[in-house]
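First up is the structure itself, then whatever we jot down about it.
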Amino acid sequence: MIYFVTGNKGKFVEARAIIDDLEQRNIGYTEVQADSLEEVATFGIAEVMRKLASPAIIEDAGLFIDHLQGFPGVYSAYVFDTIGNQGILKLMAGVENRRAVFRSVVCYGEPGMEPRFFRGEMEGRIGYAPRGEGGFGYDPIFEVEERTLGEMSLEEKNRISHRARSMMALKEWLDLGRP
Ligand code: IMP
């Protein structure tokens, strides 16, 4: 059994659909301000290991918008909590290049072991208005082939998402016996 330390139920449900053996723990950890998702996760997993001392993962994700030179990127949580989807849509008003990428970094920790990283990406576009009631966060404004993630079922999102890919990479490594 592996703890997934997160307060985000949506993330947990997506991950649990890929890895059976997960249990959500909402014990919190400091999300440092850093230049990369990996750095945020490295600090996070060290704190989680001090608290839990058992196999655990954390995940850090971000939305990187081409036209905004990768913003909000590592600031995605703060930006979502402040200006939100409407704020992003305003920043993108009249912009033709709407390409964006979601990135996910999963960090696996175990007592006495160096943390391991697993990554996933999904390309898409920022829509013109929020659509769909599903998912969480930026899902209603992130489109893949004309539909937003908010309009997809969990199964559909999990076929293509950044998180599904990083969790699949973790699963493969676990299934191989953690080489
Ligand atoms: P964090 O990984 O929890 O720091 O996520 C950063 C921000 O991106 C949060 O506001 C999340 O809601 C948002 N986010 C992370 N993953 C997704 C996703 O799969 N879809 C939409 N928004 C996401």
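Some notes on this structure:
- Note on the chain: Rg/Rh from Cα positions, Kirkwood definition for Rh, rounded to two decimals, is 0.97.
- At 1.567 mPa s and 4 °C, Stokes diffusion of the stretch 40-87 via Kirkwood alpha-carbon radius, µm² per second: 104 µm²/s
- Within straight-line cross-link reach of Lys9, lysines at Cα separation under 26 Å, skipping those fewer than 8 residues along the same chain: Lys51, Lys157, Lys171
- Computed from phi, the 3J(HN,Hα) profile of the stretch 59-74 under the Karplus parametrisation 6.51, -1.76, 1.60 (θ = phi - 60°) reads 9, 10, 10, x, 9, 10, 9, 3, 4, 9, 6, x, 5, x, x, 5 Hz, with x in place of Gly and Pro.
- Helical runs (DSSP H, four residues minimum) scored at -39500 (n - 2.57) apiece and divided by the length of the chain put the mean residue ellipticity at 222 nm at -10000 deg cm²/dmol.
- Derived scalar couplings between HN and Hα for the stretch 113-124 equal 10, 5, x, 10, 10, 9, 10, x, 9, 9, 8, x Hz in order, rounded to whole Hz, by the Karplus curve 6.51 cos²θ - 1.76 cosθ + 1.60 (θ = phi - 60°), x for Gly and Pro.
- Near the amide H of Ala100, within less than 5 Å, lie the amide hydrogens of Asp66, Gly124, Arg125, Ile126, all on another chain or at least 5 residues away, with H placed in the peptide plane.
- Of the solvent-accessible surface of the chain, computed with a 1.4 Å probe over protein heavy atoms with every protein chain present, carbon and sulfur atoms account for 50 percent.
- 0 to 90° range, to nearest 10: angle between helix 162-175 axis and the chain longest Cα axis: 20 degrees
- Relative contact order (%) - criterion: Cα under 8 Å, at least six apart; region: the chain: 19 percent
- Amide H contacts of Arg25: Phe4, Val5, Thr6, each under 5 Å away and 5 or more positions distant or on a separate chain (H built 1.01 Å from N in the peptide plane; Pro and chain starts excluded).
- Here the Karplus relation 6.51 cos²θ - 1.76 cosθ + 1.60, evaluated at θ = phi - 60°, turns the backbone of the stretch 23-29 into coupling constants of 10, 6, 10, 9, 9, x, 7 Hz, with x for every Gly and Pro.
- Considering all different alpha carbon pairs of the stretch 1-87, the Kirkwood hydrodynamic radius works out to 14.0 Å.
- Exposed loop sites are taken as GluC sites (Glu not before Pro) in a DSSP loop (any state but H, G, I, E or B) with at most 11 other beta carbon atoms within 10 Å; the longest stretch of the chain without one runs 1-95.
- Computed with a 1.4 Å probe over protein heavy atoms only, the accessible surface of the chain comes to 51 Å² per residue.
The values are calculated or read from the model by the stated rules, or taken from the named source; none is laboratory data. Since the structure is predicted, the reported quantities are computational estimates derived from the model, not experimental observations. Positions of Cβ are backbone-derived with ideal geometry, glycine not excepted, and every protein chain shown enters the neighbour counts. Side chains included, ligands, DNA and RNA excluded: accessible areas come from the protein's heavy atoms. Shrake-Rupley method; radii C 1.70, N 1.55, O 1.52, S 1.80 Å.
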